[in-house]
Amino acid sequence: MLDKSKEITKGLIVSCQALETEPLHSSHIMGRMAIAAVSSGAVGIRSNSPKDILEIKKQVKVPVIGIWKQVYGDSPVFITPTIKEMRAVADTGCEIIACDATLRERPNGEHLSDIIEVIRKEYPNILLMADCSTVKEAEHACKLGFDFIGTTLHGYTEETEGMNIASDDFLVLKEFIKKSTKPVIAEGKIDTPDKAKRTLDLGCYAVVVGGAITRPQEITQRFIDKIQE
Ligand SMILES: CC(=O)N[C@H](C=O)[C@@H](O)[C@H](O)[C@H](O)COP(=O)(O)O
């Protein structure tokens, strides 16, 4: 299964996600989105929830980065936050699990280092991606033994609120790449083909694009904003 990761090198991974609150919330629709993405050359899919992951794995053969977003009252960590979601995602047979790798307190008082140790033992073949918001978190995740570093949460934590990974010609991304001992996957607010290409030219292992491809409400909003300028 480890070799599967080679298939995503220098490629586009499409995130096919729609939460309960979004108009396209449906495993069937996410499966069709994945088929559309792969038919145009996507080398991987990122997917939320065991149900969607299983449907997507039925529909396409490319590697899947699985997550499970769950909100707990006692912590802001929501991307595959506890051992329970990690196991549930791993049980789908996806090739890579991504989880929040920020330094914030996790639900139920769990610790990231313990979670990683348990998952490594129980699922030795699965690859792990660290969803980070800062370079410091990326360095920490490398030490914990993650296989990939993602910039997924840059701009989405208290510390990075309002920031954008593409600012100043991807200044922060360059720092992520410089300081990480593991391959970096660019993710979050990469909303044009030019930006996606730039992340790969800068040295990213792969790039994940979500909303700009699979969230029609976001795509429509960008047209409306331009028209109304
Ligand atoms: C912060 C957070 O919850 N990010 C989520 C992580 O899985 C998804 O909602 C994003 O769509 C994904 O990261 C891709 O990013 P973008 O849709 O910006 O291309």
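Quick notes on this one:
- Those residues of the range 80-98 which are in a loop (DSSP other than H, G, I, E, B) and of a type in the set (D, E, K, R), in sequence order: ASP91, GLU95
- The lone exception for THR214 - which of (1) over 21 Å from GLY11 (Cβ atoms); (2) polar (S, T, N, Q); (3) within 14 Å of the ligand (Cβ to nearest atom) it fails: (1)
Every residue, every condition in (1) among the small types (Gly, Ala, Ser); (2) surrounded by fewer than 19 Cβ atoms within 10 Å (Cβ to Cβ), yes or no:
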| site | (1), (2) |
| --- | --- |
| ASP100 | no, no |
| ARG106 | no, no |
| ASP114 | no, yes |
| ILE119 | no, no |
| ASN125 | no, yes |
| ALA130 | yes, no |
| GLU137 | no, no |
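- Here MET163 meets each of (1) closer than 25 Å to THR82 by Cα; (2) within 14 Å of the ligand (Cβ to nearest atom) with one exception, condition (1).
- Pair list, Cβ under 6 Å, 6 or more apart: the range 67-79 residue at pLDDT below 95, other residue more than 11 Å from the ligand (Cβ to nearest atom): ASP74/PRO107
- Yes/no for GLU85 being acidic (Asp, Glu), open to solvent by 10 Å² or more (accessible area, probe 1.4 Å), within 16 Å of the ligand (Cβ to nearest atom) and at pLDDT 95 or above: no
- Residue selected from the range 19-29 under the condition over 16 Å from ILE219 (Cβ atoms) and in a helix (DSSP H, G or I), by the criterion most open to solvent (accessible area, probe 1.4 Å): HIS28
- Count of residues meeting criterion [away from the ligand (no atom under 13 Å from the Cβ) and either at negative phi or touching a Leu at 6+ places or on another chain (Cβ under 7 Å) (or both)] in the range 94-109: 7
- Consider the range 158-173 and keep the residues that are touching a Lys or Arg at 6+ places or on another chain (Cβ under 7 Å) and not in a helix (DSSP H, G or I). The one that is farthest from ASP100 (Cα to Cα) is ALA166.
- Residues of the range 145-163 satisfying the condition of being touching a residue at least 24 places away in the same chain (Cβ under 8 Å) and open to solvent by 50 Å² or more (accessible area, probe 1.4 Å): TYR156, GLU158, GLU159
- Figure legend. Inter-residue proximity from the range 205-222: first residues at negative phi and hydroxyl-bearing (Ser, Thr, Tyr), second residues within 6 Å of the ligand (Cβ to nearest atom) and open to solvent by less than 70 Å² (accessible area, probe 1.4 Å), beta-carbon distance below 8 Å, spacing 6+ or different chains. Indicated pairs: THR214/SER15; THR214/GLN17.
- Residue that is farthest from LYS174 (Cα to Cα), among those in the range 212-224 that are of a type outside the set (Phe, Trp, Tyr) and open to solvent by 80 Å² or more (accessible area, probe 1.4 Å): GLN221
- Applying the criterion of being within 13 Å of the ligand (Cβ to nearest atom) and part of a loop (DSSP other than H, G, I, E, B) to the residues of the range 188-211, the residue that is surrounded by the most Cβ atoms within 10 Å (Cβ to Cβ) is ILE190.
- Filtered residue count, the range 1-18, keeping only those that are open to solvent by 20 Å² or more (accessible area, probe 1.4 Å), within 15 Å of the ligand (Cβ to nearest atom) and not aliphatic (A, V, I, L, M): 0
- Number of residues in the range 30-79 that are open to solvent by 30 Å² or more (accessible area, probe 1.4 Å) and in a loop (DSSP other than H, G, I, E, B) equals 12.
- Hey, PRO81 under 30 Å from LYS58 (Cα atoms) and out of contact with any Pro (no Cβ under 6 Å at 6 or more places or on another chain) or not: no
The values are calculated or read from the model by the stated rules, or taken from the named source; none is laboratory data. Everything numeric here is computed off the predicted structure, so don't read it as measured data. Positions of Cβ are generated from backbone atoms using ideal geometry, with glycine treated the same way; all protein chains shown enter the neighbour counts. Please note that ligands, DNA and RNA were not included when accessible areas were found on the heavy atoms of the full protein model with its side chains. Shrake-Rupley method; radii C 1.70, N 1.55, O 1.52, S 1.80 Å.
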